[in-house]
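What follows is a short report on a single structure.
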Amino acid sequence: MFASQSLHGVLRRPLVRIILLCLFIVFLFVALLHHTDPSSFFELAPPQDRLPSIPPRPMGPPRHRVKAQRPPVDSMAAHDGPWAERADAVRGAFLHAYQSYLTHAAPHDELKPISKLPVDNFNGWGLSIVDSLDTMWLMGLYDEFDAGLAVVTNVTFSMPPDKYAPFFETVIRYLGGLLSAYALSQDPILLTRADDLGTALLPAFRTTSGLPIFSVNTVNGRVAKGWAGDAGFAESLTCQLEYKYLAYLTGRKVYYDVVERIMDVMYEANVTFTGELFPVLWSLKNGTPISRTVSVGSSADSAYEYMLKQWLLTGRTDTKARDLYIRSVDAILDHLTYLTPNRSLLYVTDATVDIHGTFNPSHKLEHLTCFLPATLALGAVTLPDVPPRHMWAARALAHTCWVLYADSPSGLSPDVVLMRSTPKLAPPSPFGDLWVTHLKQWEQNGSQGDPPGVRSPESVRDTDTLPEYTPIGKGYLLRPETVESFYFLWRTTGDVMWRERGWEVFEALEREARVESGGYASVENAHSVGGLKTDEMPSWFLAETLKYLFLLFTDEDPIPLDRWVFNTEAHPLPVFHWSVWELERLGITRGVKTEQDTS
Ligand code: DMJ
């Protein structure tokens, strides 16, 4: 009785009432924050009439709270020996390129290394910085990384109302770069910005078919078609890793839904008329193929890569994507893979398929296609019951890609070559023979020796033999695909030959592409020594070429291939497993294995 009277008295005091009122307001504010999506206060708000509504963040535990440890600068190359020195040399090359960019071009997108001027090729948001963050982290360049973070902190992803961000490039370079740098450093600003950008690009998916349109204005949500008019096969799949990892980190269902809808289009597509290969162009309206051209080079390359990598990224649970990859590789090896008659150079080309189902190959081999050995080797060591020809093709094709460098007087490869040769087995084709034809014959002869096209190290062609190809895209554009494949073959086979070949490429880069105080420049004609340079240093040189070379030479393995998956711009993303509540919330049903199953 006495206690309740005195409590009553205390509560009547004005000061106590004010304190209680304040506490109540604080309580209300905290409760509100916990029950709404906090990021919605900060993120770029795309036009609401153009976007699917974004659900609140789920109430799950935060994925990461603590910033990552920073491995000491010299921990990866601190050992005595030639490889450590070579890794250091690549780090030096990166610093030369990046500091030249900082001096002459930052915060614009890229450096023009000859004129030493900046250029904004991709939205003007500081592309070379964002694309390079994870390379800096892996090389232990933390001062440069931190300075880059300051730029990321301030980026707003804004653009004038009449400009458009190219969807494919913005996803692989900016979004992939932010996500990877976040995964390595766990600095929350990187995830916030990735979330901002992921949302700002969502209007690209607002097509009738759900396939992404070529470009989008990140402020007003307007979209624009590209030169081809419709949806590219590469564009349609080369956003799966980035958006699925973003869905995992943020819990936002919309990120998962927009990209899985694209996979549904591909799973349901009838591509029997192109031998189970996916044509390069698709209708934005109804999601059906609208071309009869198939390729593993430009317009298609990374789409096949992302089939395998979706399975790997999701802890080997997305078995439907895996099966699509196996089916596609079979089709690539059956229909697009050829062998030259004398040097037995294996190559993969593009083709148009006529109404009778006959393939008319172009016999062009693009440098871009030299990513394929990396993907094949990765699949060969991870897929269950993989046919041995996957690894054979990986080794043989990587060999051909190396030959394009090794044959070349500059030591660098032309961008496109026409493989021209007289066939041994199937006249009257003026070109090489399908690899499967040779494989069958080899098997019929008792599978003696190496399979056709696969061989141990050999010297460069002797000058009497024809090279069996002609450069038709003569320049070397600082591209990464061949050294990417050397890296994957080194990690999957342990054969030091791939490291040695990577070193030869690096030496050629130093000789032919390095520019005094200007970084590195593309080379106009790879078959001329000390020739003209092109005024370009694409950001992929920093993001990919130098990263793969560095990782090829470090004795440590900071990115084990069973725990990380590289996106197509060489940004490593960590393998993840959906938890049970996320599977339910995102409505994921196919081939799932949960954290509970795997723990
Ligand atoms: C990079 O931007 C990516 O690797 C992309 O998938 C293909 N082209 C360039 C490098 O050549």
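Every read-out reported here was derived from the displayed coordinates using simple, explicitly stated rules and does not represent laboratory data. Computed from a predicted structure; not experimentally measured. Quick reminder, even Gly has a Cβ in these numbers, built from the backbone with ideal geometry, and neighbours come from all protein chains shown.
In percent, rounded to a whole number, the relative contact order of region 104-157 is 27, using alpha-carbon pairs under 8 Å and six or more apart. Backbone phi angles across region 207-213, fed through the Karplus curve with coefficients 6.51, -1.76 and 1.60 (θ = phi - 60°), yield HN-Hα couplings of 10, 4, 7, x, 6, x, 7 Hz in residue order; Gly and Pro are listed as x.
Based on C-alpha pairs under 8 angstrom that are at least 6 apart in sequence, region 215-277 has a relative contact order of 20 percent. With a simple spin-label model that places each label point 7 Å from the Cα along the Cα-to-Cβ direction, the separation between residue 579 and residue 442 comes to 4.9 nm. Extending 7 Å from Cα along the Cβ direction at residue 162 and again at residue 493 yields two label points whose distance is 5.4 nm. Could you tell me the calculated FRET efficiency between residue 153 and residue 455, based on Cβ-Cβ distance and R0 = 60 angstrom, to the nearest 0.05? Calculated value: 0.70. Converting the Cα gyration tensor eigenvalues of region 436-567 into ellipsoid dimensions via √(5λ) gives semi-axes, longest first, of 30, 23, 13 Å. Along region 257-269 the Karplus relation, 6.51 cos²θ - 1.76 cosθ + 1.60 evaluated at θ = phi - 60°, assigns HN-Hα couplings of 4, 5, 8, 5, 4, 5, 4, 4, 4, 6, 5, 8, 5 Hz to successive residues, with x for each Gly and Pro.
Counting 0.36 nm for each residue step from residue 225 to residue 95 and taking away their Cα separation leaves a gain of 43.0 nm.
Ranked by the mean number of other Cβ atoms within 10 Å per residue, highest first, peptides 268-275, 241-248 order as 241-248, 268-275. For region 162-249, relative contact order (Cα pairs under 8 Å, six or more residues apart, normalised by length) works out to 34 percent. Counting only lysines at least 8 places from residue 474 when in the same chain, those with an alpha carbon closer than 17 Å to its own are 364, 533.
Extension gain, residue 358-residue 19: 0.36 nm per intervening residue step, less the Cα-Cα distance, totals 113.8 nm. Bridging of residue 244 to lysines at a Cα separation below 29 Å is possible for 67, 163, 225, 253, 285, 309, 320, 547, 593, once same-chain residues fewer than 8 apart are set aside.
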